[in-house]
Amino acid sequence: MPKMDEAAKAAKIDGLQQELTKLITDVRTETDEKKKRKMIAEIGKYNRQIDKIKSGRILSRETKRDLIAYSFIAPNFIGFCVFTLIPIVFAFALAFMKWDGSNPIQWAGISNFVRLGDDIFFKAALKNTIIYCVGTVPLTMIASLALAIILNQKVKGRGIFRTLAFFPYVASLVAITSVWKMLFHPSKGPVNNILLNVFGAAQENLPQWFSGGLVLFSMILFSVWKYMGYYMVIYLAGLQGISSELYEAASLDGAGTWNKFRYVTWPQLSSTTFFVVVMLTINCFKVYDIAIMLAGGGSGELTTSATVLVYYIYQKAFIDWDLGYSSAVAMVLFAMVLIVTIIQFRGQAKRERT
Amino acid sequence: MRSAHKKAVLGKVIVYVILILIALIMIIPFLWMLSASIKSDREVFQMNPFVWIPENPKWSNYSDIWTKIPFAKFVANTVFLTIVVTLLQLLTSSFAAYSFAKLNFRHKNGLFLAYIATIAMPWQVYMVPQFIMMRRMGLNDKLLAIICLQAFSAFGVFMMKQFYEGIPDDLCEAARIDGMSEYRIYASIMLPLSKPALSTLTIFTFVATWNDYLGPLIYLKSQEKKTIQLGLKMFISQYSSDYGLIMAGSVLSLIPVLIVFLVLQKYFVEGVASTGLKG
């Protein structure tokens, strides 16, 4: 800012001050809320201007404040912007393009989405993902709720049980799926061995857990085992939020265990259950590793009986280099997650209103 | 009165039976893993009689795994990635979260909206364009790619902000009046107070990076860049009948996560519960 001589400075401040006082009196008489708010914002602007001239600093206090705040955000935001925001925008655009990653990009319009309609692999992937989801969500929910209710009682060794139930969640998939594949090995595994020797199943009827029609069932079973500990913890927190007075009142009314669950626990947990179901559904849509490791062969390829959406995105992009089409499949995944998220927001808003 | 007592005892017994059953289901795969890791390939599937600890434990499984594949290299890569990603995540998220929670500035809501809008966006939706971009930047087959991918999550900023908002503003105001700079306030007041949130974020990031499979699969192509998960999977496909060795490798890959989890588990359970409920 060029140096102003004192007289000009004082005159300018005077002028601004006059406008400011006029504005303040106007605000007092203004009745329209919207206009009032606008005027108040303007008062702030005048004040800042006066401040700036008075102190003669290059940076106003506000600018300095902003710069400090931005310096806090910048390290994360730059990384976030470059590696998340830009790729997301790119992903939306790519779904309408035809590109193999090296030749020039071509505009494809909606042809990628039209192709989805008669792609049997895509349909199989979508169907399997949904079946997996429909099986996993209720089973995990029930298992984790039951476990939470049991662990919420005064039992010895609660902490140990909780840790045990949680450990499959943090254990790496490669390690635990390799154990599962051995436990459920079609000819040598102990599970089929028990079926053969204890339950007397015929050798040729022994289930092939990781191929054909059973593979989705095995994936569901595995997910319930791996993830129930995590959702149990969320349910435990929900249970601890229920006031004990409600149970005492129910006891006075002569309610048994089942009725207490039905009329106290279940309704009180409704928002937790809602949250658990939404999280579970979204996580099921994103399933990939479990399918690859349980059903993928040596080279990690999946057949139509076990293919899932994320695998198809991966395959189309990194094996076939059909990037536009892969992004179109990704958009289907995004739409599914978006729908569930919108349902969640609606549900939450409804709950908060009531 | 007596029958009521009997009923209560019976109820307790049933509860314990169910609990022990569930605990067994949870732990048997891990016990089996441990047991198989010291067996020879023939003993692994031997059922009659089944023994947990073989007569001659094959401890050599645990030494052979280091020479059959470059396991040490895989471990070193994974440890490096996990530590760098976790540190970056903790530092940059808590830094940004402080600003969002405790400072006023222009475009605050707009910037935060960018984070919120992407929190529900699955990484799998944009992993392909992200890869194309990173390849352009010359990050293909570089460990740095995995760092860029994992270190700047919207989730971290969101979680830390939730926590900071629970700390009273008066604390910062008082420090400001004392003439402390914002950086000092962050470092000497906020950071020490946010141990529970930092611990939770540490476990989440540590576990996610250590166990990540798809990210490294896409980016890390050459043998000497691979992580434990990739290396273990590679070993399983190459030597699919070396059961004892596979199990020994699996046990080794679980140990660091187990340690971090057990040390920080108190915070983890609280963290899952609180972030879970707030969503």
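Any read-out appearing in this document is the output of simple, stated calculations on the displayed coordinates, not a laboratory observation. Computed from a predicted structure; not experimentally measured. Every residue, glycine as well, gets a Cβ built from its backbone with ideal geometry; the counts of neighbours run over all protein chains shown.
Compute the whole-percent fraction of alpha carbon pairs in region B:60-202 spaced more than 28 Å apart.
Taking all Cα-Cα pairs of region B:60-202, the fraction more than 28 Å apart is 36 percent.
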Over the Cα atoms of the protein assembly as shown the radius of gyration and the largest Cα-Cα distance (Dmax), both in Å, equal 29.2, 106
Applying the span-like rule to chain B (DSSP H, Cα extent along axis at least 20 Å, Kyte-Doolittle mean at least 1.6) gives B:2-36
Amide N proximity, region A:142-166 versus B:K12 label position 7 Å along Cα-to-Cβ, cut-off under 12 Å: A:154-156
Residue of A:E62, A:E245, A:E301 that the Gaussian network model of chain A assigns the largest fluctuation, springs spanning Cα pairs under 10 Å: A:E62
Using amide H atoms built in the peptide plane, which far-off residues or other-chain residues are under 5 Å from B:I167 H to H? none
Determine, at each q value in 0.11, 0.16, 0.24 (inverse angstroms), the log₁₀ of I(q)/I(0) that the Debye formula gives when each Cα of region A:281-354 is one equal point scatterer. -0.38, -0.65, -1.07
From the cross-link list A:K156/A:K260; A:K286/B:K226; A:K12/B:K108; B:K68/B:K225; B:K102/B:K142, which pairs have alpha carbons spaced over 28 Å apart? A:K12/B:K108; B:K102/B:K142
Free-standing Cys residues across chain A, given no other cysteine C-beta under 4.7 angstrom: A:C81
Going by C-beta contacts inside 10 Å, put A:D26, B:D64 in order with the fewest on the left. A:D26, B:D64
Non-local residues with an amide H under 5 Å from the amide H of A:M97, with H modelled 1.01 Å from N and Pro and chain starts lacking one, are A:A108
State, to one decimal in nm, how far the label point of A:V89 lies from the label point of B:E224, with both points 7 Å from Cα in the Cβ direction. 3.9 nm
Principal axes of region A:6-91: Cα extent on each, largest first, Å: 53, 39, 18
Label-to-label distance, nm, for residues given as A:L338 and B:S3 (7 Å Cα→Cβ offset): 6.2 nm
Which of the GluC sites (Glu not before Pro) found in region A:1-54 are loop residues per DSSP with 16 or fewer other Cβ atoms within 10 Å of their Cβ? A:E30
Radius of gyration, Dmax [region B:24-100; alpha carbons; angstrom]: 20.3, 64
On the formula 1/(1 + (r/R0)^6), with r taken between the Cβ atoms of A:K156 and A:F318 and R0 of 60 Å, the FRET efficiency rounded to 0.05 is 0.75
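Give, as a single signed number, the net charge of other residues whose beta carbon lies under 12 Å from the beta carbon of A:L323, with Lys and Arg counted +1 and Asp and Glu -1.
Charge balance in the 12 Å sphere: 0.
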When we measure straight from the Cα of A:K154, which aspartates and glutamates land under 20 angstrom away, once same-chain ones fewer than 8 places off are left out? A:E245, A:E248, B:E270
Which of the trypsin sites (Lys or Arg not before Pro) found in region A:91-188 are loop residues per DSSP with 13 or fewer other Cβ atoms within 10 Å of their Cβ? A:K154, A:K156, A:K188
Please state the shape class of region B:197-254: rounded when a/c is under 1.5, otherwise prolate if a/b exceeds b/c and oblate if not, all from the C-alpha gyration tensor. oblate
Return A:H185, B:H5, B:H107 ranked ascending by Cβ neighbour count within 10 Å, so the fewest neighbours appear first. B:H5, B:H107, A:H185
Förster-model FRET efficiency, 56 Å R0, A:F274 and A:I40, C-beta, rounded to 0.05: 0.90
Once you have the Cα-Cα distance between B:A76 and B:L171, take 0.36 nm times their residue separation minus that, and quote the gain in nm to one decimal. 30.0 nm
When Lys and Arg each count +1 and Asp and Glu each count -1, what net charge do the other residues less than 13 Å away from A:L236, Cβ to Cβ, add up to? +1
What's the percent breakdown of Cα-Cα distances in chain B across 10 Å bins, shortest bin first? 6, 20, 25, 22, 15, 9, 3, 0
The rounded separation in angstrom of the Cα centers of region A:79-150 and region B:197-240 is 22 Å
Residues listed by number, region B:13-38, amide nitrogen under 13 Å from B:L258 label point at 7 Å toward C-beta: B:27-38
Taking B:M33, A:M97 and counting other C-beta atoms within 10 Å, the order from fewest to most: A:M97, B:M33
Can you give me the orientation-averaged projected area of the convex hull built on the Cα atoms of region B:66-134, in nm²? 7.1 nm²
Membrane-span-like helices in chain A: DSSP H runs reaching 18 Å or more (Cα, own axis), mean Kyte hydropathy at least 1.6? A:120-151, A:270-285
From the phi angles alone, apply the Karplus equation (6.51, -1.76, 1.60; θ = phi - 60°) to region B:43-48 and give each ³J(HN,Hα) in whole Hz, x where the residue is Gly or Pro. 6, 3, 9, 6, 9, 10
Please work out the Cα center distance from region B:70-108 to region A:194-234, rounded to the nearest Å. 38 Å
What three numbers, in Å, describe the spread of the alpha carbons of region A:116-353 along their principal axes, ordered from the longest? 65, 52, 27
